[in-house]
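The values are calculated or read from the model by the stated rules, or taken from the named source; none is laboratory data. Please read these numbers as outputs of a predicted model, since none were measured by experiment. Reconstructed Cβ throughout: ideal geometry from the backbone, glycine too, with neighbour counts over all protein chains shown.
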Amino acid sequence: MTNTSGSVSPGTTMLDAVHLTRRFGDRVAVDDVTFHVAHGETYGLLGPNGAGKTTTIRLVCGLLSAHGGEVTVAGMPVSTTAPKSKAQIGYVPQDVSLYPDLTARENLTFFGRLYRMSGTGLRHRVDEVLELIDLSDRGNDRVESYSGGMKRRLNIGASLLHRPNLLVLDEPTVGVDPQSRHAILESIRALGSSGLAVVYTTHYMEEAEKLCDRIGIIDHGHLIAEGTSRELVAQVGQKDRITMSANGSLTAFAEACRSMEGIERVDVTDSSVQLLAEDGRLRLPQVLEAASRTGTSVRSVEVDEPDLEAVFLHLTGTALRE
Amino acid sequence: MSAVLAIALKDLRQRLRDRSAIVLGFVAPLAVAWLISMAFGSVATFHASVAVVDLDKGPVAAGFTSFVKSPDLAGLLTVKSAATEADARAMVNKGDLGAAFVIPRGFSAAVTAGNGRPITILASVDSSIAGQVARSLAESYTAQIEAVQLSVKTAVVSGAPPASIEKLAAEAATLQIPERAVSQASGAKTLTAINYYAPAMGIFFSFFAIGFGARGFFLERIGGTLDRLAAAPIGPGTILLGKSLATFVYGMASLGTVALVTTLVFGAYWGPPLAVTALIVALALTLVSLTALVITAARTERQSEGFASILTFGLVLLGGNFIFVGGAPEMVRTLALFTPNGWALRALTDFSGGADWTAAVTPLMAVLSFAFATGLVAFGLRRRLVNQ
């Protein structure tokens, strides 16, 4: 994927969202939110429903006017009254936002014209995007005849048509079957790898963990934490838990484990041993070797790493709500 | 500008794929205009068959029969023969006659003696206009006789010599009283049902474009495509203009088609082509501004449907699309002047009556003023398109 909306060097900041605030009546939906996304970076906004993700996205895309703060994309201010800079952004709405009574080709052509594309260039680009989203053979069919997954792919394709520098996706996998979800995530990963800056909102922590270079956790309109998945986990200081079902001399095995570096705590029950460790997976060969040495027969091993769910629980005192 | 055109073309494409828009914009006005023209025909070509039953056989009765059969009334009446009152009544009841005059025995003698005897009118409730025309003709003839009698009495009282009385009576009888039934249309051209109802129905159904346009906008909002439009590098004014242009073209196409088809197929006369085109353009602009007003004023699809319905039916009821306002009471005629369709119909009615293009000038200005005023309000509210 090549971007034509200006030359942007990798690593440079593509999106600056600074002190964004938006109220609806007395309710503050987004409260002093600040984040930055670099060229080629995939940034995830993770939070439960109603946390303020969509409002933040709408502010970033200039669909809502902010009551405070500002947004710049590639150095150009974005607002409801500054339409020019919107050409830098590709917006993928949460719901499939297409014209069902038009064909995929007609939909793409129409959206292309809104971005001042025309003629042969537009026709070629429509063909390219249809190829990219694997809908070339169905391009002349009306969208109303498409499956949910095909509509989702076209929904993303329509936002890529004008070769934006920043792609903003608002929960694009909500209500999508696992196969289509996988395909969508793969295509977003590929777009990120191609150098596109991506903002991705979700309330699925595993999506954020797999897809995003950095994650901002948002709740009740506040950005409460930010960093890579590992940084966030480290921020809350939680350890990995290794649970082993075993037969034999469990006491001797536990003693051997206690003397290992990185093992913080060992608990023994009738038929299992639980270890609290830093980087549990790295410690595992050492632990299994100790089991063999002490004549312990291991039936199963389970490693629980602290995840974003745990981080969210730690930060807010509540679980990520559906 | 290309974005405006893109939005307009997309909207028109969607509208062409929507059968209800085609039916309401093109098929329904033509069908209703055709039905009305079939039902009412031409109001200017009224013609009735009547009969005179002369039971008197005197000279005054003969004079009345000659009056009814006079060339002046030939375009209005066909006089058939009926020997008796019973025959005439049977023919009226059967529908062969619109009305019948029964001149009673002794009518001439009574008139000569200075006493009046009424002419009986037989009319059917199914042809009330024929009955009214017959009644008017009888009253007109009776008034003529009374004028002669009055002349003679005045001469006698004034002391005119008896020899000159007969001559005076003869001269008085030849005089025409001012009120006569004359077969003549109100203008150089005639106002027929199709001439009035073709544009009236065309305008009425074109008003449905307001609802279509507004509903289309809110469906875009519900479907999320409006967000896509707003996320594009175009302002809210561009979206509004694009949608307005689609409504303008739809309105023009709808009214233009109705004008063309009713002219070529049903023989309707709309008026001088350039003046009619100007009126259609002005009306289409009104549709645009009203659609924009509904879009900017309403908050939801349901609200927009309600506003559009109120506007459409309010305007067509006040403007006279269902009833001929020219024949309505003063208050109704005044109210019609508050509507763009009322002004347009006024111009088209004048054209139908034989007026030239100048009859369109004031109505055109009134329609354009209405479009401008409502458009201005909509433009002022355009920021409501975002931030909702």
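For the range A:75-97, taking the residues that are part of a loop (DSSP other than H, G, I, E, B) and more than 7 Å from chain B (Cβ to nearest Cβ), the one that is farthest from the chain's Cα centre (by Cα) is identified as A:THR81. Per the listing A:ALA190, A:ALA183, A:ALA158, A:ALA208, the residue uniquely within 14 Å of chain B (Cβ to nearest Cβ) and outside any loop (DSSP other than H, G, I, E, B) is A:ALA158. Looking at the range A:235-322, the helices (runs of 4 or more DSSP H) lying wholly inside it that each contain 2 or more residues that are within 24 Å of the chain's Cα centre (by Cα) sit at A:308-316. Residues of the range B:271-322 that are surrounded by 21 or more Cβ atoms within 10 Å (Cβ to Cβ), among the small types (Gly, Ala, Ser) and over 13 Å from B:PHE248 (Cα atoms): B:GLY271, B:ALA275, B:SER304, B:ALA308, B:GLY319, B:GLY320. Counting only residues that are at pLDDT 85 or above and assigned to a helix (DSSP H, G or I), the range B:68-92 holds 9 of them. Scan the range B:337-388 for residues that are in a helix (DSSP H, G or I), among the aromatic types (Phe, Trp, Tyr) and modelled with pLDDT of 90 or more and the total you get is 3.
Every residue, every condition in (1) surrounded by 20 or more Cβ atoms within 10 Å (Cβ to Cβ); (2) among the hydrophobic types (A, V, I, L, M, F, W, C); (3) in contact with a Gly (Cβ under 7 Å, 6 or more places away or on another chain); (4) farther than 28 Å from B:GLY242 by Cβ, yes or no:
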{"site": "A:ALA104", "(1), (2), (3), (4)": "yes, yes, yes, no"}
{"site": "A:PHE110", "(1), (2), (3), (4)": "yes, yes, no, no"}
{"site": "A:ASP137", "(1), (2), (3), (4)": "no, no, no, yes"}
{"site": "A:SER159", "(1), (2), (3), (4)": "yes, no, yes, no"}
{"site": "A:ASN165", "(1), (2), (3), (4)": "yes, no, yes, no"}
{"site": "A:LEU169", "(1), (2), (3), (4)": "yes, yes, no, no"}
{"site": "A:ARG181", "(1), (2), (3), (4)": "no, no, no, yes"}
{"site": "A:VAL198", "(1), (2), (3), (4)": "yes, yes, yes, yes"}
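Only a single item in (1) at the interface with chain B (Cβ under 7 Å from one of its Cβ atoms); (2) in a helix (DSSP H, G or I); (3) more than 27 Å from the chain's Cα centre (by Cα); (4) in contact (Cβ under 8 Å) with a residue 24 or more places away in the chain is not met by A:ASP101, and it is number (2). Residue under question is A:ALA74, and the condition is that it be crowded, with 19+ Cβ neighbours inside 10 Å and within 18 Å of B:GLN14 (Cα to Cα); does it hold? Answer is no for this residue.
Among the residues of the range A:38-48, is any touching a helix residue (DSSP H, G or I) at 6+ places or on another chain (Cβ under 9 Å), within 12 Å of chain B (Cβ to nearest Cβ), closer than 25 Å to A:LEU132 by Cβ and at pLDDT below 95? No, every residue in the range A:38-48 fails to be touching a helix residue (DSSP H, G or I) at 6+ places or on another chain (Cβ under 9 Å), within 12 Å of chain B (Cβ to nearest Cβ), closer than 25 Å to A:LEU132 by Cβ and at pLDDT below 95.
Annotation note: of A:ARG153, A:ARG113, A:ARG123, the sole residue that is within 11 Å of another protein chain (Cβ to nearest Cβ) and either without any contact (Cβ under 8 Å) to a residue 60 or more places away in the chain or at negative phi (or both) is A:ARG113. Just one of (1) closer than 30 Å to A:ALA277 by Cβ; (2) among the charged types (D, E, K, R); (3) outside any helix (DSSP H, G or I) fails for A:GLU231. It is (3). Of the listed requirements (1) in contact with a helix residue (DSSP H, G or I) (Cβ under 8 Å, 6 or more places away or on another chain); (2) at negative phi, A:ARG299 misses just one: (1).
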